[in-house]
Structures are given as structure tokens and as C-alpha cells.
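Novice: Okay, here's the structure, questions in a sec.
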Amino acid sequence: MDGMDDKDDKDREDRERAVRRDEAVRAAVDQGLLGPDSPIVGLLDVTGIRESAAALRAAFEAVAAPGTPVLHAFAVKATPLVPVLRLLHEEGIGAEVASPGELALARAAGVPSARTVLDSPAKTPAELREALELGIAVNADNPQELARIDALVGSATPGSPLGIRVNPQVGRGSIEALSTATTTSKFGVGLRDEGAREWVVRAYLDRPWLTRIHAHTGSQGIPLPLMAQGVAQTYALAEEINTRVGRRQIDTLDIGGGLPVNFGSEATAPTYAQYARLLGEVVPGLFDGRYGLVTEFGRSLLAKQGTVVARVEYTKSAGGRPVAVTHAGVQVATRTVYVPEAWPLRLAAYDAKGRPKAGPEVVQDIAGPACFAGDLLAEGRALAPLEPGDHVAALDTGAYCFAHHYAYNSLPRPAIHGFAPDGSGGIAFATVREPQTVRDIVAEAGEAHASALTTLHASERA
Ligand SMILES: *Cc1c(COP(=O)(O)O)cnc(C)c1O
């Protein structure tokens with residue numbers, strides 16, 4: 001396929017995704033998933049998720065030598081939902097996990113150990129033991145963790161592929177909190193630190209079972225050339241190690257995730273194909289078949305496949321500015337509310353029946369339900385004039401957003417539904433996650449221990 005067809009296909013997919021989203025909002029209102037008693041839902045586009053997984057696979061197949069083993073491991077933290085992991089598994093995508101909870105989600109979804117990778121900066125001895133028993137790939141974050149792995153491996157040959165996470169220290173992107181390749185980032189072994197590179201090389205020389213190397217240069221806000229530079233440095237180190245060992249001890253490069261998402265328009269940009277082609281230009285040896293590859297994309301696989309839709313409860317005006325008070329705010333879009341300049345979200349207006357709302361736009365604030373002034377999905381946004389009963393959708397929220405509930409004001413976790421065309425012109429929904437009920441909230445807030453504090457008296461203990 002030439003570049004032009006590639007782009008046309010992508011544009012068509014982007015347009016069709018927008019059409020499906022409008023149809024899904026309409027159908028969610030029609031079918032009662034959204035209404036006065038369920039004023040907020042998360043929607044996931046099953047067709048879009050499948051297309052996104054297919055684009056990732058195709059991008060690497062197009063540049064890697066035939067037969068190159070490539071494991072695309074979805075970063076579970078982006079969308080930690082079992083049905084999503086199962087769908088991705090069916091689409092040939094494994095799982096990258098970073099906590100016992102994420103590992104349990106991947107296992108519940110049926111992702112096999114051989115398609116699971118464990119990264120995390122704080123693995124306990126018990127987690128490491130479990131991973132090695134299961135044969136899950138582990139990337140050691142630091143020398144102390146490697147010492148723990150040494151003790152577990154002993155003189156045996158480990159059943160897990162093992163590697164070290166390095167930090168190529170190539171610099172930061174536009175969002176400091178998500179830049180993992182700065183000089184002082186908390187992850188991995190910083191290659192430019194005094195003596196560190198030599199320590200890494202020795203670690204491999206001393207351990208014939210260390211067969212992987214891992215780097216993840218950051219998430220959102222890292223320019224592609226900087227990501228490619230991080231991969232290039234990691235590749236160069238693998239080559240150096242294999243030369244010093246005198247054999248191809250490192251057989252797999254884990255290049256992490258981090259493809260940025262365009263939150264400014266419908267377009268999928270950059271694409272996996274662009275990134276894979278850039279890697280092929282900057283690090284040609286990466287794809288010549290000598291190394292197996294692992295990737296760990298999260299946000300770029302799911303962000304554009306998710307939508308939060310919330311009812312407008314009231315509309316008012318303050319200081320001359322219209323304000324729409326909706327049911328979506330800090331509890332589902334935490335980063336956007338607290339750091340709006342780094343995480344702006346596109347919003348779309350729908351009427352009470354879930355039809356796209358046109359009309360001359362007015363500049364307004366779109367507020368959430370939480371009790372603090374900054375709980376705004378958007379400030380001063382031009383949108384069709386809203387009325388009570390209308391709906392506002394926060395777009396591109398399928399990753400790091402509505403599945404990452406923030407329990408402010410004891411607002412409940414909303415239901416999440418997957419949708420797909422039903423084959424006869426309509427939309428079919430499936431429950432991905434039940435909504436949290438008020439009963440659940442009370443139980444989780446210590447109901448069973450209601451008198452724990454009033455019955456705890458120092459004098460009775462003395
Ligand atoms: C968060 C993370 C990822 C995924 O990053 P995205 O920006 O969502 O693609 C991959 N690997 C590691 C080690 C991570 O911490």
C-alpha cells in the first residue's frame with residue numbers, strides 16, 4: 001500500500017468513527033442507557049478498537065523483516081477493563097502490567113503469560129516470585145531489583161524472559177510529569193549517570209539469562225524524533241552488549257509505548273505507520289530480523305475509541321458567561337480538570353434525544369458536578385447553546401480517563417458500555433462495567449466499621 005492510500009484509509013476510518021459515535025450517543029438515549037437516573041456513561045467503540053489494533057500490527061509488519069517476532073503488549077494502565085483486554089487479546093495484542101491488580105486483570109481476560117510483560121518501579125519479592133513462576137517477562141527497574149531476581153533465579157534457568165529497563169536520558173517532552181527519559185526520571189537505570197552504562201553491560205556479562213532490554217521514553221507530549229532517539233540509544237547499547245558477550249545474548253528489544261494522541265481534532269495523528277517508518281529510518285537494524293520486538297502502547301490504542309456522555313442538569317449565567325452544569329467533571333476527567341492546559345478535551349453538544357446539536361455557538365463554561373470552582377471540563381468553550389436535558393460528550397476519553405475514577409464528592413463510577421453496529425442499521429450495546437451504586441459507595445466507605453472510631457478509647461486499652 002502506498003503512502004497516499006494509507007492516509008486516505010486513515011481519514012476514512014477517522015470520519016467513520018465520528019459517525020459511529022454520533023449514532024451511539026443517539027442510541028444510548030433511545031435505549032435508556034442515558035437518562036435522568038443514569039446521567040453519565042462511558043462508551044467504547046468496539047469497531048474502532050479493532051481498527052486501532054489492526055493499524056498497530058500492520059505498521060510493524062510493514063517495516064519488520066518477515067518472521068520477526070513482535071509482541072504488542074497493551075499498557076493496561078491506559079484502560080484497565082477486563083473486556084477491553086479480552087478484545088485486544090482477540091486482536092493479537094498482549095498486556096503490559098505494572099501492579100498485581102493489572103496482572104490479575106490481564107489473567108482474568110485470558111491473556112497468556114507468554115504475552116504479558118511486567119514493568120513497575122516497585123515490584124515486591126512476592127510479585128517477582130509470582131511473575132517468574134508464571135513465566136511472565138520482567139524488566140528489572142534497578143540494581144536492587146535485579147539482586148532480588150538473582151536470588152529467585154538462583155542457579156536455575158529462569159522460565160521468564162528477563163531484561164533491564166534503561167533510561168536513555170534523551171530529554172523531556174512538553175509534559176514533565178509524563179517524561180520518563182529526563183536525567184532524573186525515576187524509571188530504569190540512567191545510562192548517562194557516572195558508571196551506569198558499564199554497570200548495565202556487566203550485569204548482562206554476568207547473567208547469561210538476561211536476554212531483553214527495555215526503554216520507555218515517555219507518554220503524551222514526547223515528539224516522535226525524541227522517542228526514536230530513545231530507541232536508537234537502547235538499540236546501540238544492545239549491540240554493544242552482544243559484541244562484548246560475543247553472542248546474541250540480547251534477543252529482544254522492548255521499545256515501550258508513548259505514541260502521542262491528537263486531542264485537537266478527529267484525525268489520528270501521528271499514526272503507528274509514521275512512527276514505525278521513522279524507527280526504520282533512524283534505527284535500521286531494529287527491523288532486520290536479528291531482534292524480536294516488544295511494544296507497550298496504551299493511550300494511542302484506546303483514547304479515540306472512548307467517549308464520556310453526560311446530561312446537562314442546569315444552565316445558568318455567571319458574570320455574563322453562560323455555564324452548563326453537567327454530570328461529567330473531575331471524577332472522570334481528572335487530569336483535564338486539574339491541569340487543563342496540558343489536557344484539553346474536545347467536547348460535542350447533543351440535544352435531549354442525543355442528536356448532534358447545531359446552532360450558533362456561544363462561548364460558555366462546561367462544568368462538572370463536583371463541589372469546587374475549578375471542576376470544569378472546559379472554560380470559555382464555543383459550543384451550541386445548551387439547555388437542561390441536553391448532553392455533552394467529552395471525546396477521545398478512552399484512555400487514562402473514565403476508567404480512572406476519582407472518588408471526589410463520593411460521585412459514583414459510571415457504567416461503561418461497548419457499542420458496535422447491530423447489522424440492521426442500529427447500534428448494539430454490551431455492558432463493560434456496571435455503574436457503582438450508592439450502596440457500593442457506602443460499603444466501600446467503611447460501613448462495616450461504622451463504630452470503629454467511637455469505640456476506640458485509649459483509657460480502655462490502658
Ligand atoms: C505508561 C507506560 C506505557 C504506555 O504509555 P502510553 O503513552 O499510554 O502509550 C508503556 N510502558 C510503560 C513502562 C509505561 O509506564
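Novice: Just going by the charge dipole of the chain, with Lys and Arg at +1 and Asp and Glu at -1 on Cβ, which of Leu302, Ala95, His417 is farthest out on the positive end?
Specialist: Towards the positive end, the residue furthest out is Ala95.
Novice: Just subtract the alpha-carbon distance of Glu361 and Gln144 from 0.36 nm times their residue separation and send over the number in nm, one decimal. Display every interim value, and only then the final one.
Specialist: Working: separation 217, 0.36 × 217 = 78.12 nm, distance 5.75 nm.
Between Glu361 and Gln144, full extension yields 72.4 nm more.
Novice: To the nearest 0.05, how large is the calculated FRET efficiency for Glu447 and Ala342 if R₀ is 41 Å and r is the Cβ-Cβ distance? Walk me through the intermediate numbers first.
Specialist: Working: r = 37 Å, r/R0 = 0.91.
FRET efficiency, Glu447 to Ala342: 0.65.
Novice: How far is the Cα center of the range 320-360 from the Cα center of the range 212-278, in Å?
Specialist: Each part's Cα centre sits 34 Å from the other's.
Novice: A further question follows. Show that you can apply the helix-only estimate: for the chain, add -39,500 (n - 2.57) for every DSSP H stretch of four or more residues, divide by all residues, and state [θ] at 222 nm to the nearest 500. Don't skip to the end; give the middle numbers.
Specialist: Details: 13 runs with 149 residues, N = 462.
After summing the helix terms and dividing by residue count, I get -10000 deg cm²/dmol.
Novice: Any idea what the relative contact order of the chain is, in percent, if you count C-alpha pairs under 8 Å spaced at least 6 apart?
Specialist: On the way: 928 pairs, mean separation 80.3, N = 462.
Once normalised by length, the contact order is 17 percent.
Novice: Throw me the Rg/Rh for the range 310-462, computed over C-alpha atoms with Kirkwood Rh, two decimals. Could you put the intermediate results ahead of the total?
Specialist: Values: Rg = 19.5 Å, Rh = 17.7 Å.
Ratio value, two decimals: 1.10.
Novice: Taking 8 Å as the Cα distance limit and 6 or more residues as the minimum spacing, I'd like the relative contact order of the range 59-128 as a percentage. Kindly include the intermediate steps, with their values, before the conclusion.
Specialist: On the way: 83 pairs, mean separation 21.3, N = 70.
Across the range 59-128, relative contact order equals 30 percent.
Novice: Further question: Give me the Debye-computed log₁₀ of I(q)/I(0) at q = 0.11, 0.15, 0.21, 0.22 Å⁻¹ for the range 23-130, equal point scatterers on Cα only, no solvent, two decimals.
Specialist: Values, matching the q order: -0.47, -0.76, -1.08, -1.12.
Novice: Got a sec? Charge dipole of the chain, +1 on Cβ for Lys and Arg, -1 for Asp and Glu; which of Ala450, Gly163, Thr336 is way out at the positive end?
Specialist: Gly163
Novice: Can I ask one more? Subtracting the Cα-Cα distance from 0.36 nm times the residue separation, let me have the gained length for Lys7 to Arg321 in nm, one decimal. Can you show the working numbers first?
Specialist: On the way: separation 314, 0.36 × 314 = 113.04 nm, distance 4.07 nm.
Once the chain is fully extended between Lys7 and Arg321, it gains 109.0 nm.
Novice: Okay, moving on. Apply the Karplus parameterisation 6.51 cos²θ - 1.76 cosθ + 1.60, with θ equal to phi minus 60°, to every residue of the range 152-157 and state each ³J(HN,Hα) to the nearest whole Hz, in sequence, with x for glycine and proline.
Specialist: Ordered by residue, 3J(HN,Hα) equals 6, 6, x, 9, 7, 9 Hz.
Novice: Summing Lys, Arg as +1 and Asp, Glu as -1, what charge do residues with Cβ under 15 Å from the Cβ of His405 carry, His405 excluded? Intermediate results must be reported in sequence, preceding the final value.
Specialist: Numbers: positive: Lys77, Arg335, Arg413, Arg433; negative: Asp375, Glu434, Asp440, Glu444.
Within the 15 Å Cβ shell, the charges total 0.
Novice: Restricting the calculation to Cα positions, tell me the Rg (one decimal) and the Dmax (whole number) of the range 102-251 in Å.
Specialist: 15.5, 45
Novice: Compute the distance from the alpha-carbon center of the range 155-173 to that of the range 80-101, in whole Å.
Specialist: 21
Novice: Going down the list Lys7/Lys304; Lys7/Lys186; Lys304/Lys353; Lys7/Lys353; Lys316/Lys353; Lys304/Lys357, which pairs span over 26 Å between their C-alpha atoms? Intermediate values should be presented prior to the final figure.
Specialist: Working: Lys7/Lys304 17 Å; Lys7/Lys186 38 Å; Lys304/Lys353 23 Å; Lys7/Lys353 34 Å; Lys316/Lys353 21 Å; Lys304/Lys357 21 Å.
Too far apart for the 26 Å limit: Lys7/Lys186; Lys7/Lys353.
Novice: Report the dimensions of the range 254-356 along its three principal axes from the alpha-carbon atoms, largest first, rounded to Å.
Specialist: Each principal axis gives a Cα extent; for the range 254-356 these are 63, 29, 21 Å.
Novice: Enumerate the amide H contacts of Ala137 below 5 Å, restricted to partners 5 or more residues apart or on another chain; note that Pro and chain-start residues carry no placed amide H.
Specialist: Those lying under 5 Å, H to H, from Ala137 are Thr116, Leu118.
Novice: Please give the solvent-accessible surface of Trp209 in Å², to the nearest 10, using a probe radius of 1.4 Å with every protein chain present.
Specialist: The accessible area comes out at roughly 50 Å².
Novice: If r is the Cβ-Cβ distance from Phe372 to Arg202 and R0 is 45 Å, what FRET efficiency results, to the nearest 0.05? Intermediate values should be presented prior to the final figure.
Specialist: Values: r = 52 Å, r/R0 = 1.16.
So, using R0 = 45 Å, E works out to roughly 0.30.
Novice: Could you check the simple spin-label distance between Ala407 and Ala122, using points 7 Å along Cα→Cβ, in nm with one decimal?
Specialist: 1.7
Novice: With the contact rule set at Cα under 8 Å and sequence spacing of 6 or more, what percent relative contact order holds for the range 80-228? Numbers along the way, then the final one.
Specialist: Working: 245 pairs, mean separation 27.5, N = 149.
Value for the range 80-228: 18 percent.
Novice: What FRET efficiency comes out for Glu239 versus Ala430 if R0 is 45 angstrom and r is the Cβ-Cβ distance? Round to the nearest 0.05. Kindly include the intermediate steps, with their values, before the conclusion.
Specialist: Working: r = 47 Å, r/R0 = 1.04.
It comes out at approximately 0.45.
Novice: Using 7 Å Cα-to-Cβ label points, what is the Leu152/Arg247 separation (nm, one decimal)?
Specialist: 2.4
Novice: While we're here: Using 0.36 nm times the number of residues separating Glu130 and Val19, minus their current alpha carbon distance, what extension gain do you get? The partial results should precede the final answer.
Specialist: Values: separation 111, 0.36 × 111 = 39.96 nm, distance 4.47 nm.
Using 0.36 nm per residue and subtracting the Cα-Cα distance, I get 35.5 nm.
Novice: Moving on to the next point. How long are the semi-axes of the ellipsoid equivalent to the chain, from square roots of 5 times the Cα gyration tensor eigenvalues, in whole Å, largest first? Working shown, then result.
Specialist: Details: eigenvalues 332, 162, 82 Å².
Taking √(5λ) for each eigenvalue gives 41, 28, 20 Å, largest first.
Novice: From the Cα trace of the range 322-369, what convex hull volume per residue do you get, rounded to a whole Å³? Intermediate values should be presented prior to the final figure.
Specialist: Working: hull volume 4.6 nm³, N = 48.
In the range 322-369, the Cα convex hull volume per residue is 95 Å³.
The values are calculated or read from the model by the stated rules, or taken from the named source; none is laboratory data. Keep in mind it's a predicted model, so treat the numbers as computed, not measured. Heads up, the Cβs are rebuilt from the backbone with ideal geometry, glycines too, and the neighbour counts pull from every protein chain shown. Protein only, heavy atoms only, side chains kept; ligands, DNA and RNA dropped before computing areas. Shrake-Rupley method; radii C 1.70, N 1.55, O 1.52, S 1.80 Å.
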